[in-house]
Amino acid sequence: MKSSQAEELGVECEERAREYYEDEERIMQSGEPIVGKVEKVITDGEVRWNSTTKVPLFDEGGNVTGFAGINRDITERKEAEERAKFPHSLLRHDVRNKAQVALGYLNIIIDSDSLEEIKEIAERSIKALDAGNDLIEKVGMLRKIDRGREVGKIDLDGRIRKAVKKNEDAASEEGMEIDYDGIEAEVQGSPLLEECFSNLIENSIKHSGGERIRITGREEEDTVRISVED
């Protein structure tokens with residue numbers, strides 16, 4: 001491909017055309033290839049990702065006479081990388097928080113002389129550690145789901161109710177109430193949908209400082225919108 005890629009593709013965007021031109025000029029002047037350059041491309045409103053490699057072509061005298069290039073669509077790989085960030089974020093943030101809660105309770109036990117208080121705090125520590133282990137198991141499930149793409153119809157109301165029930169005791173301890181009237185809807189999702197709602201509720205309990213968490217939902221054409229307000 002000796003002619004400019006910008007010309008061949010009829011690129012209308014001036015900025016993109018300039019980038020192509022500068023890359024090609026660099027190859028022609030330096031004789032060095034460009035390997036695996038990741039480029040974001042929007043076609044008909046859809047975001048795609050390409051990996052572009054361009055290499056110089058030489059004549060018998062070793063002079064650069066042009067270049068050859070190839071584009072590979074790596075959209076699936078990029079999407080997989082983005083999905084992989086979610087479980088790592090859960091492990092770094094949520095599991096660390098639960099471990100810190102357990103450590104805090106254990107430090108209180110050291111300074112306590114009351115057997116009744118020690119028992120109560122120990123139970124809270126165990127509960128926090130169990131929640132951390134449960135989350136680790138769910139992250140493992142997420143990785144399996146990602147590999148198998150196990151996405152199907154989910155009873156949204158049932159998942160939200162389970163998430164609410166899981167956090168009712170913690171909310172009560174903070175003097176908070178969780179209001180949820182229910183929504184009859186099925187959505188496409190994975191079993192981890194419940195954990196997503198549970199994390200939202202848990203964060204509201206920890207950080208809002210309010211007295212009530214209100215969960216509402218409504219259907220909008222082919223979308224279900226859920227709001228968690230605190």
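Of note:
- The stretch 151-230 - Kirkwood radius from inverse mean 1/r over Cα pairs (Å): 12.9
- Stretched out straight at 0.36 nm per residue, the stretch from ARG212 to GLU116 would grow longer than its current Cα-Cα span by 31.5 nm.
- Globularity ratio of the stretch 5-73, using Cα Rg and 2.2 N^0.38 Å: 1.19
- Förster radius 45 Å - calculated FRET efficiency between LEU103 and SER227 (Cβ-Cβ, nearest 0.05): 0.85
- Per-residue extension of 0.36 nm, minus the Cα-Cα distance of ARG16 and GLU82, leaves a gain of 21.3 nm for this segment.
- Protection proxy ranking for 157-168, 35-46, using the average of other Cβ atoms within 10 Å per residue and placing the highest first: 157-168, 35-46.
- Cβ-defined net charge surrounding GLU19, 13 Å radius [Lys, Arg +1; Asp, Glu -1]: -1
- Bridge orientation summary for the stretch 151-230: considering DSSP beta bridges with both residues in this region, about 75 percent are antiparallel.
- Phi-derived couplings, Karplus 6.51 cos²θ - 1.76 cosθ + 1.60 at θ = phi - 60°, listed residue by residue for the stretch 64-80: 6, 10, x, 8, 10, x, 8, 10, 10, 7, 10, 4, 4, 5, 5, 5, 5 Hz, with x used for Gly and Pro.
- Given R0 = 22 Å, the distance between the Cβ atoms of GLU219 and THR75 translates into a calculated FRET efficiency of 0.15.
- Taking a point 7 Å from the Cα of LYS162 along the Cα-to-Cβ direction, the residues of the stretch 192-214 with backbone N closer than 14 Å to it are 192-199.
Where a number appears in this text, it was derived from the coordinates with a stated rule and is not lab data. Please read all numbers here as calculations on a predicted model, not as lab measurements. Cβ coordinates were reconstructed from backbone atoms using ideal geometry, including for glycine residues, and neighbour counts include every protein chain displayed.
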